[in-house]
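Asker: I am attaching a structure below and will ask some questions about it afterwards.
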Amino acid sequence: MLRASLKSLLARKLRLLMSAVAVILGVAFVAGSFIFTDTLGRSFDGIMSSSVGDVVVRPAGSGDTLGSTQTIDGALVAKLAAAPGAARADGNIVDYTTFVVGKSGKLIGGQGAPGMAVNFTDGPAANNTSMFSLASGEMPTQDGQIALDAKTAKTGGYVVGDKVNVVTASAKAQVNPTLSGIIESSGSLVGASVVVWTTHEAQSLYLGGKDAFNDVWVTREDGTSQEQLRAAVAPLLPADLEAVTGDSAAEAAANQIQESLKFITYFLLIFAAVALVVGTFIIVNTFSILVAQRMRELALFRAIGASRRQVARSVLIEAFVVGLIGATLGLGLGIVLAIAIKALFGAIGLDLAGAELVLAPRTVVAAYVVGLVVTLLAAYLPARRAGKVPPVAAMRDDVTLTESSMHRRVLAGLALTALGAAALALGLLADVPKPVAFVGAGILGVLLGVALTSPVVGRPLIVGMGAIYRRLFGSVGVMAEENALRNPRRTAATASALMIGVALVSMMAVFGSSTKASINKEIEKNFKADYLVSNSIGSDFSTAVGDEVAKVDGVATVSRVRWGMGEVGDGQEWIAAIDPATFGQVATLDTSAEALANLDRGGLLLDADTATELGLKTGDKVRMKLSGKPFDATVAGTYAATAGSAPARYLLSTKTWDANGGKLSDGQVYVRLTDGADAAAVGSALDKIVADLPTVSVKDVAGYAEEQAKPINQMLMIIYALLGLAVVIAILGIINTLALSVIERTREIGLLRAVGLSRRQLRSMLRLESVVIALLGATLGVVLGVVFGMAIQRALADEGFSTLQIPWVQLVAFVLMAGIVGVLAAVWPGRRAAKLKILDAIGSE
Amino acid sequence: MMSAAPSPPTTFEVAARTEGLTKIYGKGDAQVVALGGVSVDIHAHEFTAIMGPSGSGKSTLMHCAAGLDEATSGKVFLGDVEITGLKENDLTRLRRDRIGFIFQAFNLIPTLTAKENILLPLSIAGREPDPEWFARVIDTVGLSERLGHRPTELSGGQQQRVACARALVSRPAIIFADEPTGNLDSKSSREVLEFLRRSVTEFGQTIVMVTHDPSAASYTDRVLFLADGRVVDELREPTAETVLERMGRLDGARGV
Ligand SMILES: Nc1ncnc2c1ncn2[C@@H]1O[C@H](COP(=O)(O)OP(=O)(O)OP(=O)(O)O)[C@@H](O)[C@H]1O
Ligand SMILES: [Mg+2]
């Protein structure tokens, strides 16, 4: 029996390959996701282990956040160097808002990758490693010199001796130092650019010229362990500093990064799961068709004495082989896919060009487990049906398998749809532990439920299209319609695979356009300024820009917003500072005059929800810390939490911010013009100010809205690209089903050709059938996608997604595209069908 | 071996004609000469039977004559048109417009109703059926009540009659039928054969039919006997008895 099933497999190599395609693509996605995130993780690990000293002295608790603004007094460094077991101590300054502008005037990096700046010390990193090594030239030894990492220098077109254009968020918005040397990083920089200053210049740029540091590395003498040194250093520190060993700091940092990378892994795996669900449809379909086609052969086995189990097992063995081959090829393709994802992420700034791909054993195991499990599960039903083939079928011409009644299937589908809808509703509306999981499971449930009912639900659609076909294409159209209807399950399963992909794409389209519409509406409502100066990549910029802006003729009001992470109570929070006097003129802040007055006097303004959540009332004291000393802020009052109106949930006045060590750089500068000022003239004057600062831009309402929409569009593109794979699998499914149908209907095709159907007509018949399937899938998908998108938007209406906007044009385009896909999918099966020799076809079994 | 029977003296209109038609399958040792230079005329408005032992080349002759298969050498004419050497598209059009087919089994498209099957060649061609003619064909075939049924809902005989109606409805120059009654019981066979006979007698249709059955052959005007890829005999106005007798003689001549 085993030999027989393997033989029959080999005899159907093409069909085998086609059924494996779905497995290959699904597995490739899983493997690709793992390989990519492992690679990403490894490249971060590389940086982390050499970005700490043997012992790191830093502000207490700052290990948890990037960019604490608290500094360490420079006098401490000498004291630490004198600690027992210490060979030396070096103070470090790190800044993440320093960008290099290339010779062509283009910003290097950006788009999420930090622009790093450090001071040069010749102290080694932990365990006598080094974060950077000099590749050419020399390290900066005097102010006005810098070193750059090799990639940035190359991209910018800079060679040693050149004047480099550096943009900072410090008081000096733009600096033009000389490139003294080029460094190589010990690990991939993941797209970040690195500028190395002298310590003195770094202090004057980033720390207001104080002799201070962000952290201090203490290097151990031979014979002293990191832990011993840490113990020796700890007593020398004031209470607000801590000493940690380099190993543990690196590990903690690495863990933290792994943790945040998990998000990417999950994100990618969700798409892998979508691809697999779609793939499962294709596999079930393929095996069902194969079983149907092999009915006689299977019946013959039964007639000569094979048991039901043996027959069923023979199908499962086939599935096993398909799964095995699929997993192996999928793993290979996964590597290719990982490279593609790497490129995709590279395009949005997460540059991993230098990183080598990591193929962890776990990836291999996952690939095979997924490949085999999915294939075997998918083949189980067809296999069971194969076992039920009656032996007498071997003798009969027109056997059809008794399939479980459509009735039960539709009921099951409806039940599943209802369950899914309930889960979706719970996830969106109720207070459940893991809402995202509920929403995901709900969407999956609805999709599968509709897929089950689709043979019935889709029928009117097919019949409707059939009526059109009949008119336009005559008997060829009739036959195409009938072919689509003759095997409703097969048509439905093939269409459902496409439906899933299209539903998710449409959902994202609806959600994306609603988000953009909501943002636009908020902006329209809240944006009262004439211009906004802000950083297009989301980091801060120099206060000098605001100063210049204020001097422009026609500018009435300049209102600055500063922001950053800080402590509120025990938690790290995003805090912003506004100017109470002017903010109300440029943006909408729904609060009382009294609260604003309190804010101006050093208070903390909260959004109403946050205040309720924390149980804070006006007049309560809250302990806060920016950098420097902790301070008590009095709750000034609350503002109504309408999204988009305030830059953070915790608002201070800029005065309070500056006085307590908040970072002295602006996040946004709003500009209001004097009455009658020439807006265009002021606009070009403002443009001139930021002309040399590619990170900073000036925009009016429209420009601001456009900029806000940009990351959403970018995210949508990535999601579309990832969902695209599921769509590709579905398209392959259509091709597969059609090709198998052609094989199944060989005789019929021969007959049609004999009575005068031309090759062209035959191809167009298949094409029409394919288009029916594709349009059915796309239409169901778009309808479901709109429903999902609407549900999500409605549920999030209170959280800023106030406006529903359904992108009809785009959705219609999806359906039309599906029609084109249908046409393309029929090309190959049509060609095969047209090639059939009439007599061979008629004579075939 | 016998020489071919002398041609009938009268002048018949020729519906189809082969000249030295040869069909060789395979190469070298595996070579099979299915037709070894067949020259026959098929008379218009006649019912012609082709008989002969299994493997004698009957189906091959018919396929080549109908342009379903390519001849190795020789010529085939349909009316005045030489179809050997025609391009695929022209052949398709020829099959669609000038030729009707009835196969032994699997004649109908399972997804289409009887009526749709009957009208298939016309609708493929984008032509409207002549309603009078259609009604007459349906009437003759005796299926007016079952027109809306699918093939699976029809008996074997009914299915073959639908196939006959399909072959007739486009008024082809010639209908080829390869053992159209091979799968039918005697009653159904009779129905089909009577129908074919009537369409020749009443409508002047030209039909060529391959059969093994002497009583089927008795419905025809003329029987051509094939053996080893050659026409070896011919019989006009056959009856079951004369056909049987002639077959016996042929077998005897072949030493069976
Ligand atoms: N495709 C083919 N390849 C090789 N040989 C073939 C092929 N088709 C037919 N033959 C051979 O050609 C010869 C004639 O076959 P054909 O089918 O015309 O016989 P037939 O008279 O119709 O027989 P039957 O009464 O059994 O249907 C036979 O010897 C057959 O084996
Ligand atoms: Mg034959």
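Asker: Looking only at the stretch A:491-540, how many residues end up being within 30 Å of residue A:444 (Cβ to Cβ) and not polar (S, T, N, Q)?
Answerer: Final tally of qualifying residues: 21.
Asker: Same structure, new question: Only one of A:811, A:839 is surrounded by 14 or more Cβ atoms within 10 Å (Cβ to Cβ) and either within 14 Å of another protein chain (Cβ to nearest Cβ) or within 16 Å of ligand 1 (Cβ to nearest atom) (or both); which?
Answerer: On inspection, the qualifying residue turns out to be A:839.
Asker: For residue B:148, indicate whether it is in a loop (DSSP other than H, G, I, E, B), among the small types (Gly, Ala, Ser) and within 18 Å of the chain's Cα centre (by Cα).
Answerer: no
Asker: Show the residue pairs that are 6+ apart or on different chains and have beta-carbon atoms under 7 Å apart, the first residue being within the stretch A:283-298 and more than 13 Å from residue A:487 (Cβ to Cβ), the second being modelled with pLDDT of 75 or more and among the polar types (S, T, N, Q).
Answerer: Final answer for the pair search is A:283/A:375; A:286/A:736.
Asker: Look at residue A:26 and say whether it is at pLDDT 75 or above and of a type outside the set (Phe, Trp, Tyr).
Answerer: yes
This table checks each residue for (1) assigned to a loop (DSSP other than H, G, I, E, B); (2) free of Cβ contacts under 8 Å to residues at least 24 places away in the same chain.
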{"position": "A:550", "(1), (2)": "no, yes"}
{"position": "A:558", "(1), (2)": "no, no"}
{"position": "A:572", "(1), (2)": "no, no"}
{"position": "A:575", "(1), (2)": "no, no"}
{"position": "A:606", "(1), (2)": "no, no"}
{"position": "A:611", "(1), (2)": "no, no"}
{"position": "A:618", "(1), (2)": "yes, yes"}
{"position": "A:633", "(1), (2)": "no, no"}
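Asker: Still on this structure: So for the stretch B:155-173 (the condition being more than 22 Å from residue A:754 (Cβ to Cβ) and more than 18 Å from the chain's Cα centre (by Cα)), does at least one residue qualify?
Answerer: Among the residues of the stretch B:155-173, at least one is more than 22 Å from residue A:754 (Cβ to Cβ) and more than 18 Å from the chain's Cα centre (by Cα), which makes the answer yes.
Asker: If I filter the stretch B:31-89 down to residues being surrounded by fewer than 18 Cβ atoms within 10 Å (Cβ to Cβ) and in a helix (DSSP H, G or I), which single residue comes out as nearest to ligand 1 (Cβ to nearest atom)?
Answerer: Taking the candidates together, the pick is B:88.
Asker: When residue A:419 is evaluated against the numbered criteria (1) of a type outside the set (Lys, Arg); (2) more than 14 Å from chain B (Cβ to nearest Cβ); (3) crowded, with 20+ Cβ neighbours inside 10 Å, which criterion, by number, is the only one it fails?
Answerer: For residue A:419, the exception is condition (3).
Asker: Would you be able to say whether some residue in the stretch A:457-472 is among the β-branched types (Val, Ile, Thr), within 14 Å of another protein chain (Cβ to nearest Cβ) and touching a residue at least 12 places away in the same chain (Cβ under 8 Å)?
Answerer: Yes, because at least one residue in the stretch A:457-472 is among the β-branched types (Val, Ile, Thr), within 14 Å of another protein chain (Cβ to nearest Cβ) and touching a residue at least 12 places away in the same chain (Cβ under 8 Å).
Asker: Please identify the pairs in which a residue from the stretch A:797-810 that is assigned to a loop (DSSP other than H, G, I, E, B) has its Cβ atom under 6 Å from the Cβ atom of a residue that is among the basic types (Lys, Arg), counting only partners at least 6 apart or on another chain.
Answerer: Between residues of the stretch A:797-810 that are assigned to a loop (DSSP other than H, G, I, E, B) and residues that are among the basic types (Lys, Arg), the close pairs are A:803/A:521.
Asker: Kindly provide the set of residues from the stretch A:697-740 that are buried (at least 19 other Cβ atoms within 10 Å of the Cβ) and either free of Cβ contacts under 8 Å to residues at least 40 places away in the same chain or in contact with a Pro (Cβ under 8 Å, 6 or more places away or on another chain) (or both), ordered by number.
Answerer: Result: A:735, A:738, A:739.
Asker: So which of A:661, A:724, A:683 ends up being part of a loop (DSSP other than H, G, I, E, B) and either among the hydroxyl-bearing types (Ser, Thr, Tyr) or outside the structural domain of residue A:167 (by TED's automatic domain parsing) (or both)?
Answerer: That would be A:661, the only listed residue that is part of a loop (DSSP other than H, G, I, E, B) and either among the hydroxyl-bearing types (Ser, Thr, Tyr) or outside the structural domain of residue A:167 (by TED's automatic domain parsing) (or both).
Asker: Within the bounds of the stretch B:55-71, is there any residue that is within 16 Å of ligand 2 (Cβ to nearest atom), free of Cβ contacts under 8 Å to residues at least 12 places away in the same chain and among the small types (Gly, Ala, Ser)?
Answerer: Yes: one or more hits.
So that you can scan it fast, the table gives a plain yes or no per residue for (1) within 28 Å of residue B:131 (Cα to Cα); (2) within 14 Å of ligand 1 (Cβ to nearest atom); (3) free of Cβ contacts under 8 Å to residues at least 60 places away in the same chain:
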{"residue": "B:157", "(1), (2), (3)": "yes, no, yes"}
{"residue": "B:162", "(1), (2), (3)": "yes, no, yes"}
{"residue": "B:185", "(1), (2), (3)": "no, no, yes"}
{"residue": "B:193", "(1), (2), (3)": "yes, no, yes"}
{"residue": "B:213", "(1), (2), (3)": "no, yes, yes"}
{"residue": "B:225", "(1), (2), (3)": "no, yes, no"}
{"residue": "B:230", "(1), (2), (3)": "no, yes, no"}
{"residue": "B:240", "(1), (2), (3)": "no, no, yes"}
{"residue": "B:246", "(1), (2), (3)": "no, no, yes"}
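Asker: Just one of B:117, B:107 is in a loop (DSSP other than H, G, I, E, B), touching a Lys or Arg at 6+ places or on another chain (Cβ under 9 Å), within 13 Å of another protein chain (Cβ to nearest Cβ) and among the polar types (S, T, N, Q); which is it?
Answerer: Of the residues listed, the single one that is in a loop (DSSP other than H, G, I, E, B), touching a Lys or Arg at 6+ places or on another chain (Cβ under 9 Å), within 13 Å of another protein chain (Cβ to nearest Cβ) and among the polar types (S, T, N, Q) is B:107.
Asker: Okay, moving on. Counting only residues that are within 33 Å of the chain's Cα centre (by Cα) and over 21 Å from residue A:587 (Cα atoms), which one in the stretch A:657-686 is surrounded by the fewest Cβ atoms within 10 Å (Cβ to Cβ)?
Answerer: A:664
Asker: Using the structure shown, decide if residue A:695 is at pLDDT below 85, under 28 Å from residue A:457 (Cβ atoms), touching a Ser or Thr at 6+ places or on another chain (Cβ under 8 Å) and not aliphatic (A, V, I, L, M).
Answerer: No: the conditions fail for residue A:695.
Asker: If residue B:135 meets every condition in (1) among the aliphatic types (A, V, I, L, M); (2) without any contact (Cβ under 8 Å) to a residue 24 or more places away in the chain; (3) at the interface with another protein chain (Cβ under 8 Å from one of its Cβ atoms) apart from one, which number is that one?
Answerer: Failing condition for residue B:135: (3).
Asker: Of everything in the stretch B:19-30 that's farther than 12 Å from residue B:73 by Cβ and either within 12 Å of ligand 1 (Cβ to nearest atom) or under 18 Å from the mean Cα position of the chain (by Cα) (or both), which residue is nearest to the other protein chains (Cβ to nearest Cβ)?
Answerer: Applying the filter and picking the extreme gives B:25.
Asker: Kindly check whether there is at least one residue in the stretch B:94-114 that is surrounded by fewer than 23 Cβ atoms within 10 Å (Cβ to Cβ), under 17 Å from the mean Cα position of the chain (by Cα) and free of Cβ contacts under 8 Å to residues at least 40 places away in the same chain.
Answerer: yes
Asker: Could you tell me which of the residues A:787, A:823, A:782 is away from chain B (no Cβ under 14 Å), more than 16 Å from ligand 2 (Cβ to nearest atom), modelled with pLDDT of 90 or more and surrounded by 23 or more Cβ atoms within 10 Å (Cβ to Cβ)?
Answerer: After applying the criteria, what remains is A:782.
Asker: Residue A:743: surrounded by 24 or more Cβ atoms within 10 Å (Cβ to Cβ), out of contact with any Pro (no Cβ under 7 Å at 6 or more places or on another chain) and more than 10 Å from every other protein chain (Cβ to nearest Cβ), yes or no?
Answerer: No.
Asker: Just one of (1) buried (at least 20 other Cβ atoms within 10 Å of the Cβ); (2) at pLDDT below 80 trips up residue A:430, so point out which.
Answerer: All conditions pass for residue A:430, except number (1).
Asker: Please enumerate the residues belonging to the stretch B:170-191 that are among the hydrophobic types (A, V, I, L, M, F, W, C) and within 11 Å of chain A (Cβ to nearest Cβ).
Answerer: If the condition is that a residue be among the hydrophobic types (A, V, I, L, M, F, W, C) and within 11 Å of chain A (Cβ to nearest Cβ), then B:176 is the only one that fits.
The values are calculated or read from the model by the stated rules, or taken from the named source; none is laboratory data. This is a predicted model, so every value here is computed, not measured. With ideal geometry, Cβ positions are generated from the backbone for all residues, glycine too; neighbour counts draw on all protein chains shown.
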